[in-house]
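Read the figures in this text as sums done on the coordinates, not as results from a lab. Computed from a prediction, not measured in an experiment: that's the story for all the values here. All Cβ positions, glycine included, derive from the backbone under ideal geometry; neighbour counts span all protein chains shown.
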Amino acid sequence: MCGIVGVLGKGPVAEQLVDALKRLEYRGYDSAGVATVENGHLGRRRAEGKLRNLEQRLKSSPLYGDTGIGHTRWATHGKPVEANAHPHMTDQVSVVHNGIIENFRALKEELIAEGAEFTSDTDTEVIAHLITRELKAGSDPVRAVYHTLKRLEGAFALAMIFRGYDDLMIVARQGSPLAIGYGDGEMFVGSDAIALAPFTDAIAYLEDGDWAVLTRNGVAIRDRNGKAVERPVTRSQATAFVVDKGNHRHFMAKEIYEQPEVIGHTLAAYVDLAANRIDMPALPFDFANVHRLSLSACGTAFYACLVAKYWFERWARLPVDVDIASEFRYRETALDEGGAALFVSQSGETADTLATLRYCRAQGQHIVSVVNVQESSIARESDAVLPTLAGPEIGVASTKAFTCQLTVLACLAIAAGKARGVIGPALEAELVQALAEVPRHMATVLRDERPYETLAHGLSKARDVLYLGRGSSYPMALEGALKLKEISYIHAEGYAAGELKHGPIALIDEKMPVIVIAPRDDLFEKTVSNMQEVAARGGQIVLVSDADPASTGCAISTHLAVPPVHRFVTPLVYAVPIQLIAYHTAVFMGTDVDQPRNLAKSVTVE
Ligand code: G6P
């Protein structure tokens, strides 16, 4: 993940900026840079690779400004070279940015047509040029940023400084976190409180859509509608060594909220967003020659594999077997020599998954793993590792690791589709664009938790809950039920909607909540028929969908609205509502959300 820092200081800030960036090193980065305002002029130093290269650069060519911004970059648009490192700037403004600007191509064309000269491949540089255009038209920096933000689509965090303004920094948050630190005659910003720990423990977190104007004497925060707002200042517990909860009550909530950012980060490792193409690392086999792919995992990671089966079959026409690792390892499965076996695991240490991997190796399979812990046993024993870049996941119930697993698997399915001649350049660009939009859609779902809080009251009284879905929403129904039972201890089951009539319909009465995951796709009408079967028996339907509930013709007790998204990415976006349903129900019931009874984060026993 990229890191952002900013300081309005009492003296030269370059050293403070680099110190703060060092505390964000754990997020991973490939280049770094700082910029300051010095006697009204903007100065910038950048370097590829580690922060010590930037320090070296600053030593030979110091910056003396008292106001500055800094950034560690994890390449998304364009290669990890100095020209693409942040800050990006014109002579008027300097910008650092986390996240993805989805509409940067259209904006870049517009700016180039007007004569703007770009010096990088990044999406970020359009922001600097848009602001510059506004400034040249006579706007002050605040107005220039206000107008520019309205043009940007995506999930992002920004910090900006301006020529001629020694006591001004403007920041914005739209889906990627940003913290403001209060000092005594100094102000700070950071992509998390850990970056700011040496400077201050008085921290306010911007909310989604907020943007803020900082001077040394304080900050004025506005929401997305331009209304002045206050955000509570809390005492942060963060130190460089403690992963803290930010302003969330639980790690699980923090991890749910991190998803737009970590998905963007994971995507950046497998996709060239500037070219709208997949860019996978080399694999030990060619998908064109693979007859069957075996996927294996446990728990939530198993459900990620089940979703992937729909993707590989639909978009790559590749036959896929999915198995629970504890079953696979003893099933004595017949495997073709030279076949491909893929293992998915957050921890990379799950005993059953590791044993299955070893079985597949003994059967002459090519071993690929999707893991969140790169030093883990599963990673070490694989021929190729495709890391999820979710960062440490503390909550026992997996959330951001799951959606990052889905992100990697979606990219892999596109790569397979290309290799097998199913996906051509136009479809590849369409699917990659759909993935690039996922962080923004997730951020939209996260904007209003009130419907989930209300629903939690009702669900908390239920003895059993049924989840239904079709197509790739079927494994999401399974994952929804797992999340709910894991942390609220309410019995829940997921079913393929079409299976309802073959058994579970016997359970339905007016006390039974039925959560239906039904994006408006080509299976929607089929799922509506199943909802009608539930409604006819008095079941309480909770509809998770982008569709108008009235269009179902059923009595819907709760509609959890999701924005319309490309059918390819529905599992990623619909993961957020099912996580929020479980989270709020558990919070309402007062269970130990982060460490539910009897469960372990990493299961290293059989
Ligand atoms: C445990 C965790 C689950 C996880 C499963 C597989 O049961 O509580 O959240 O999905 O193990 O773990 P892994 O680390 O292999 O993804």
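Can you sort Ile100, Ile508, Ile487 from fewest to most other Cβ atoms within 10 Å of each residue's own Cβ?
Ile508, Ile487, Ile100
For Cys2, Cys554, which order do you get if you count the other beta carbons within 10 Å of each Cβ and list the fewest first?
Cys554, Cys2
First check a/c for region 482-606, with a ≥ b ≥ c the square roots of the eigenvalues of its C-alpha gyration tensor; if it is under 1.5, answer rounded, and if not, answer prolate when a/b is larger than b/c or oblate otherwise. Walk me through the numbers before you get to the answer.
Details: a/c = 1.85, a/b = 1.48, b/c = 1.25.
Prolate is the answer for region 482-606, as a/c is 1.5 or above and a/b outweighs b/c.
Which angle from 0 to 90°, rounded to the nearest 10, does the C-alpha axis of helix 450-459 make with the longest principal axis of the chain?
30 degrees
Along the charge dipole of the chain, pointing to its positive end and built from +1/-1 on Cβ of Lys, Arg, Asp and Glu, which listed residue (Ala351, Ile541, Ala575) has its Cα farthest out?
Ile541
With both partners inside the chain, how many of the DSSP beta bridges are antiparallel, as a percent to the nearest 5?
Approximately 65 percent, going by the DSSP bridge assignments.
In which sequence would Glu381, Glu428, Glu114 go, from the one with the fewest C-beta neighbours within 10 Å to the one with the most?
With the sparsest Cβ surroundings first, the list reads Glu114, Glu381, Glu428.
If you only keep lysine pairs separated by 8 or more in sequence, or across chains, how many in region 466-606 come under 19 Å at the Cα atoms? Could you put the intermediate results ahead of the total?
Numbers: Lys483/Lys601; Lys485/Lys511; Lys485/Lys601; Lys501/Lys511; Lys501/Lys526.
Here the count comes out as 5.
Could you tell me which of the pairs Lys79/Lys136; Lys50/Lys245; Lys22/Lys108; Lys79/Lys108; Lys10/Lys254 are separated by over 21 angstrom between their Cα atoms in the structure shown?
Lys79/Lys136; Lys50/Lys245; Lys22/Lys108; Lys10/Lys254
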